[in-house]
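**Student:** Would you mind keeping the following structure in view while I ask a few things?
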């Protein structure tokens, strides 16, 4: 069967057509095709794939090492994304995914940001819950030469607190203490990848630019994010049960459209671990 890659967005996103669930594990060429298409498009959509959790994890292992941290799900390598606290006891933290972000900018240890994330829809929201994607590779490419030079000298502090304050503006002392137990991380604003490509490190966890006055720092970060996520730069995925989406976390930021806490929306996530630091 021929695999076809069809563009979905101007700057990011493509649909993969012609891949079956069984092929993911029986056709050795699929992983290479997916990785090449991911490099070219940032986000890949597989409609109506209906992956079971075990197959999803097994396929992700063909792409790289899988995160097997506990994920509120019986299958190792699956993390259950739900605002229902009976399904995910850490559901309150997931509200921060309503803001643009890169996964893994504030790890508890020295882990690198994730290489890729795979998400499969088990249940969808009756309203909201779409996922939006924007390319930070493209955001870098669109900078002027002068901007590239200036931004290349800047470093940004990332924190869990910064990302959580966006959705919890009046935290309790207990919440603040929990956020601040997570170490802050300092990264360059421009990530130079092993491949030679460059991307901007943006999103909700970006607290401030080192050495800039607070207002100037915030204005710069907000302007870069606004430009990166202009409507014509964004691919917005409206989920159907059985859809699977994979994205390059190193050069794509994403966010979920807000949906009610009582929503049935449930996504099963597998994380392919990263192999390169932000530098």
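**Student:** Can you tell me which residue is surrounded by the most Cβ atoms within 10 Å (Cβ to Cβ) among those in the range 1-23 that are outside any loop (DSSP other than H, G, I, E, B) and touching a strand residue (DSSP E or B) at 6+ places or on another chain (Cβ under 9 Å)?
**Tutor:** Among those that are outside any loop (DSSP other than H, G, I, E, B) and touching a strand residue (DSSP E or B) at 6+ places or on another chain (Cβ under 9 Å), it is 16.
Here is a yes/no grid of residues against (1) in contact (Cβ under 8 Å) with a residue 40 or more places away in the chain; (2) farther than 24 Å from residue 164 by Cβ:
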site: 197; (1), (2): yes, yes
site: 200; (1), (2): yes, no
site: 203; (1), (2): yes, no
site: 210; (1), (2): yes, no
site: 215; (1), (2): no, no
site: 225; (1), (2): yes, no
site: 230; (1), (2): no, yes
site: 243; (1), (2): yes, yes
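**Student:** From (1) in contact (Cβ under 8 Å) with a residue 24 or more places away in the chain; (2) out of contact with any strand residue (DSSP E or B) (no Cβ under 8 Å at 6 or more places or on another chain), pick out the condition that doesn't hold for residue 54.
**Tutor:** (1)
**Student:** Could you tell me how many of the residues in the range 24-58 are within 20 Å of residue 252 (Cα to Cα), surrounded by fewer than 19 Cβ atoms within 10 Å (Cβ to Cβ) and in contact with a helix residue (DSSP H, G or I) (Cβ under 9 Å, 6 or more places away or on another chain)?
**Tutor:** The qualifying residues number 1.
**Student:** Right, here's the next one. Please report, ordered by residue number, the strands (runs of 3 or more DSSP E) entirely within the range 182-222 with at least 2 residues that are in contact with a helix residue (DSSP H, G or I) (Cβ under 7 Å, 6 or more places away or on another chain), surrounded by 13 or more Cβ atoms within 10 Å (Cβ to Cβ) and modelled with pLDDT of 95 or more.
**Tutor:** Once the strands (runs of 3 or more DSSP E) in the range 182-222 are filtered for at least 2 residues that are in contact with a helix residue (DSSP H, G or I) (Cβ under 7 Å, 6 or more places away or on another chain), surrounded by 13 or more Cβ atoms within 10 Å (Cβ to Cβ) and modelled with pLDDT of 95 or more, what remains is 198-200, 206-209.
**Student:** Working only within the range 56-69, note down all residues that are more than 22 Å from residue 205 (Cβ to Cβ) and in a loop (DSSP other than H, G, I, E, B).
**Tutor:** Here is the first cut: in the range 56-69, the ones more than 22 Å from residue 205 (Cβ to Cβ) are 56-66, 68.
Once the filter is applied, which keeps residues that are more than 22 Å from residue 205 (Cβ to Cβ) and in a loop (DSSP other than H, G, I, E, B), the range 56-69 yields 62, 63, 64, 65, 68.
**Student:** Pick from 215, 174, 275, 266: which is within 26 Å of residue 45 (Cβ to Cβ) and out of contact with any strand residue (DSSP E or B) (no Cβ under 9 Å at 6 or more places or on another chain)?
**Tutor:** On the way: 215 fails: within 26 Å of residue 45 (Cβ to Cβ); 174 fails: within 26 Å of residue 45 (Cβ to Cβ); 266 fails: out of contact with any strand residue (DSSP E or B) (no Cβ under 9 Å at 6 or more places or on another chain).
After ruling out the rest, the residue left standing is 275.
**Student:** Inside the range 82-102, can you point out the residues that are within 22 Å of residue 135 (Cβ to Cβ) and either touching a strand residue (DSSP E or B) at 6+ places or on another chain (Cβ under 6 Å) or at pLDDT 90 or above (or both)?
**Tutor:** Those that are within 22 Å of residue 135 (Cβ to Cβ) and either touching a strand residue (DSSP E or B) at 6+ places or on another chain (Cβ under 6 Å) or at pLDDT 90 or above (or both): 97, 98, 99, 100, 101, 102.
The values are calculated or read from the model by the stated rules, or taken from the named source; none is laboratory data. If you're wondering where the values come from, they're calculated on a predicted model, not measured in any experiment. Don't worry about glycine lacking a Cβ; one is built from the backbone with ideal geometry, like all the others, and counts go over all protein chains shown.
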